[in-house]
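Right, one structure below, let's go through it.
Bear in mind these aren't lab numbers, they're just calculated from the coordinates by the rules spelled out. Quick caveat: nothing in here was measured; it's all calculated off a predicted structure. Note: ideal-geometry Cβ built from the backbone for every residue, glycine included; neighbour counts use all protein chains shown.
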Amino acid sequence: MWTILDWTNPGRLGTSRQWRGFVVKPLTAGQSASATEQERAKALTVARILKDKLLPCCFLRRTKDIIRDQLPRKTDQVVFCPLTQKQIYAYKNLLNMEQVQNLILRNKPCPCRSGRSRQLCCHPFVTGDVFKFMSILIKLSNHLGLILPAPTDSAEQTIRNRALSEIAFPDGNIPKYGTALMQPQYCGKWAVLDLLLKEWRKDSTNKVLIFTKSVKLLEMLEFHLHTQGYGFLKLDGSTKQSERMPMIDQFHSDPDMFIFLISTLAGGTGLNLTGANKVVIFDPNWNPAHDLQAMDRAFRFGQTRDVSVYRLLGAGSIEELIYARQIYKQQQMAIGYEASIQTRYFEGIQGDTAKKGELFGIENLFKLHERKLATKMAIEKASLAELDWALSNMGGAKTRRQGKSSESWVADADVKAAKEDSSLKGLGTLLFDDAIPRKNRTEKDVIQKTLNAIGVAYSHMNDEILQPSRIEEERTRDTLRKVRRKSRASGGVKSRGSPGPEWPPRRKHHLPLPTPEEQLAYRHEALIQLGMIKSRSDVPDFAREFSRKNVDERNAIIAKLDDWARKKIQR
């Protein structure tokens, strides 16, 4: 951002180094899940100054929100597709390669006992290997056939892929390219795509866009669609400009053209494909703008139908990290442009080598989460942290003492969030809108049920993850108040006279107020006893539902919990 602003307003925003120190560093540090109260408060202060005072002077931004009421709905669902056993086997073997291990263990002591690190001794660090093996793992996350020798490969590619396949299958059982192309056991995403296409094909008016950034993968998808008998068109970098408009016209007018296969880089921008109402992003891009632009080929002015977007990720693989980085970048954009208070999902801080967390660093790139989903765990952990804070600090006398200004400040956020919520339709009953046509609800229910049946353990709505957090709004305001109070105290400011009387007055027979820890324990127990959750395992789902409610609804729930706890104490 500094580069563009400095180009349009030379010298007005200081140097790049000053921008990083006064803007970038506070905002990124404050968004970390491990941020201190001071870092959170400073991040909010900087974000508000940036939004209200700095950017309006030199930055004009127009988003699709301006015409939101003129557009249909868009749902953006992220599906974490389990890798097949063949993919997992090959993935592990590639991670165990000496060259990859040299990257991962570069800072460890060298086995020769020289006292130096591996990269400075017997195992030199080769920078080019990072991008080389990162690219290989991305290919493997999509389709195992992408690392096998293919008939269309050049001599150099054939040699390279043959060497890779021998490492991926050390037992010698290397599948043939043609075999891998035809069988679903070599691509975890194909089963998901197949069920989506079969479900959508039941309605002859549906039209589908499938985007991928790999030309070779585009050819594989072309083969699969041929074998399934689907009518489709394909657009990639080799498609001539003179052929593009006739293809687009044919896709819109020909009822037999069910699918448009498109290379993300060749056709992800500039095309108007409002005839389509289903979009599949087969592989994620490091830059979230590429995926968003691809979706907008269908979801744009002129679209008359609701648009369903499905992003397919290789669960546990490097693709999951790519998507997590997308969330991180989009949250930073929302904070910088809108001073939005986002849920703190990740501990990692970009550019801080001491706080790589779960997002940054070579160690996170070359890792396979075989039995757990890192993204799901991060989201659940953040939701639980927000719920625990709310149950420890919200409601009761504390909320009443905050006064009207506090409630109105949060209520304004609730109104804004409610407007944004109106465009979302999740999979759970909490996010369903009664006005949604019954056919759409049935289609989504069927798809979700089938996804579960084929082994998809997790999926979520992307827009829901990026919504401003109502609980975090209250928590940040509480933090800001504490920091200001500490600042005044450390500055030597003393109150004049004796402190004012406490109201309501406390009597000797009054029970002491519970500590935050005690209050949290009481309320957790009350959740189960009142039937709001069945067991502790239901807490993550309840946490997400609780965070979507407004101030009055949350306070009503907390009042019920406190009423139960009060009766228990008085027994």
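Within the set LYS86/LYS139; LYS74/LYS449; LYS108/LYS356; LYS482/LYS568, which residue pairs have Cα atoms separated by over 23 Å?
Listed pairs above 23 Å: LYS482/LYS568.
For helix 127-142, what angle does its Cα long axis make with the longest principal axis of the chain, in degrees from 0 to 90 and rounded to 10?
Result, in degrees: 80.
Semi-axes of the stretch 163-302's equivalent ellipsoid from the Cα gyration tensor, sqrt of 5 times each eigenvalue, largest first, rounded to whole Å?
Listed largest to smallest, the semi-axes of the stretch 163-302 are 28, 18, 14 Å.
Quick check on packing: order 200-210, 170-180 by the mean number of other C-beta atoms within 10 Å, highest mean leading.
Values: 200-210: 17.2, 170-180: 13.5.
Ranked from most to least packed, the peptides come out as 200-210, 170-180.
Modelled label-to-label distance, ARG113 and LYS567, 7 Å Cα→beta-carbon offset: nm?
According to this spin-label approximation, the distance is 7.0 nm.
Name the long-range amide H neighbours of PHE260: under 5 Å, sequence gap of 5 or more, or other chain; modelled H, no Pro or chain starts.
VAL208, LEU209, ILE210, LEU233
From Cα pairs below 8 angstrom and at least 6 apart in sequence, can you work out the relative contact order of the stretch 85-182, rounded to a whole percent?
Once divided by the residue count of the stretch 85-182, the mean separation gives 27 percent.
Could you compute the FRET efficiency for MET532 and GLU156, with r as their C-beta to C-beta distance and R0 at 45 Å, rounded to 0.05?
Efficiency computed from Cβ-Cβ geometry: 0.15.
Provide the descending list of Cα extents for the stretch 247-389 along its principal axes, expressed in whole angstroms.
The Cα atoms of the stretch 247-389 stretch 54, 34, 28 Å along their principal axes.
Hey, got the Cα dimensions of the stretch 85-182 along the principal axes, in Å, largest first?
The principal-axis extents, from largest down, are 51, 28, 21 Å.
Taking just the C-alpha trace of the stretch 61-119, give me its Rg and Dmax in Å.
When restricted to the Cα atoms of the stretch 61-119, Rg and Dmax are 23.7, 68 Å.
Order of 523-533, 221-231 by packing, highest average Cβ count within 10 Å first?
Ranking, from highest mean packing down: 523-533, 221-231.
State, in angstrom, two size descriptors of the stretch 1-106 derived from its alpha carbons: Rg to one decimal place and Dmax to the nearest whole number.
Looking at the stretch 1-106, its Cα Rg and Dmax stand at 22.1, 56 Å.
Could you tell me the relative contact order of the chain? Use alpha-carbon pairs under 8 Å, at least six residues apart, and round to a whole percent. Write out the running numbers ahead of the final one.
On the way: 709 pairs, mean separation 105.6, N = 571.
Answer for the chain is 19 percent.
Which net charge results when you count Lys and Arg as +1 and Asp and Glu as -1 among the other residues whose beta-carbon is under 12 Å from that of ARG244?
Working: positive: LYS234, LYS240; negative: ASP236, GLU243, ASP249.
Taking every other residue near ARG244 into account, the sum is -1.
With only alpha-carbon atoms counted, please give the Rg and Dmax of the stretch 174-243, in Å.
Here Rg and the maximum Cα pair distance are 13.5, 42 Å.
Suppose the chain between ALA354 and LEU233 were pulled fully straight at 0.36 nm per residue; how much longer would it get relative to their current alpha carbon spacing?
38.7 nm
Can you pull a Stokes-Einstein diffusion coefficient for the chain at 37 °C (0.692 mPa s), Rh from Kirkwood over Cα pairs, as a whole number of µm²/s?
Values: Rh = 26.9 Å.
Stokes-Einstein gives a translational diffusion coefficient of 122 µm²/s.
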